[in-house]
1. Within the range 102-132, list the trypsin sites (Lys or Arg not before Pro) lying in a DSSP loop whose Cβ has at most 10 other Cβ atoms in a 10 Å radius.
2. Please work out how much length the chain gains when fully extended from ARG50 to ALA62, using 0.36 nm per residue of separation minus the C-alpha to C-alpha distance, in nm with one decimal.
3. Order these by the 10 Å Cβ neighbour count, fewest first: GLU184, GLU131.
4. Along Cα→Cβ, 7 Å out, is where each label goes; now give me the distance between the ones at ALA31 and TYR102 in nm to one decimal.
5. If the elastic network links every pair of Cα atoms under 10 Å, which of ILE104, ILE58, ILE13 fluctuates the most in the Gaussian network model of the chain?
6. Could you work out [θ]222 nm for the chain from helices alone, using -39500 (n - 2.57) per DSSP H run of at least four and dividing by all its residues? Round to the nearest 500 deg cm²/dmol.
7. Expressed in whole Å with the largest first, what are the equivalent ellipsoid semi-axes of the range 7-89 derived from the C-alpha gyration tensor as the square root of 5 times each eigenvalue?
8. Which order do peptides 85-91, 153-159 fall in by mean Cβ count within 10 Å, highest first?
Amino acid sequence: MKLTASTLEMALIGLLKYKPQSGYDLRKTFATTAMRHYSDSPGSIYPALRRLQSRGWIAAKAPTQSEDESRRGRRLFRLTAEGGSALSEWLGLPVTRDDAMYRIPELMLRFAFMDSNVPRSTALRFLDQFEQALGSYAAELRADFARMAAAMPVNTGLLAFQSGIEGMQAQLKWVRKARARLKEKRQ
């Protein structure tokens with residue numbers, strides 16, 4: 001299967017993997033959790049849900065009154081087998097250099113959904129690839145910084161560049177710790 005879904009769509013199916021939810025419930029999750037950098041706008045969520053439904057990755061049904069009277073006719077979306085396969089495929093994608101350079105939030109979202117969705121070996125492979133891509137990029141940036149620092153006086157641009165490198169090194173330190181913890185949990 002070739003994935004053509006947006007990160008928002010994958011976040012939605014990741015959430016639906018845990019339990020059926022209405023569009024309103026999903027919007028609330030985006031508005032009130034660490035996922036708040038995704039838009040909780042109906043103009044984003046409902047079209048994404050329609051696209052997922054048209055692909056057959058989710059299905060919707062109106063809840064019966066016995067299920068929840070307070071839902072006022074809201075449709076509940078649930079993940080289909082095809083959607084579960086798409087989620088597993090997305091979680092298992094290799095980590096690329098471009099991912100490490102431009103898509104750290106998406107990588108962290110993928111990692112967050114790995115438990116109970118893919119084997120532990122997939123999560124460890126993900127962390128190995130993440131470390132490799134991020135470590136390589138950080139080393140290049142450190143070399144660029146050293147050349148720039150030697151050629152010019154300290155300035156705000158150089159200090160901002162240094163901040164970015166240090167943030168990346170902190171992310172790299174976290175990747176190594178996470179991998180060590182996952183490996184130790186296996187034994």
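Each reported figure results from applying straightforward, stated rules to the coordinates on display, with no laboratory input. Fair warning: this is a prediction, and the values are worked out from it, not measured in the lab. As a convention, Cβ positions derive from the backbone with ideal geometry for all residues, glycine included, and neighbour counts pool all protein chains shown.
1. Listed in order of number, the matching sites amount to none.
2. Length difference between fully extended and current span is 2.8 nm.
3. Numbers: GLU184 8, GLU131 18.
Neighbour counts put them in this order, fewest first: GLU184, GLU131.
4. Output for this residue pair reads 3.2 nm.
5. ILE104
6. About -22000 deg cm²/dmol.
7. Taking √(5λ) for each eigenvalue gives 19, 17, 11 Å, largest first.
8. Ranking the peptides 85-91, 153-159 by packing returns 85-91, 153-159.
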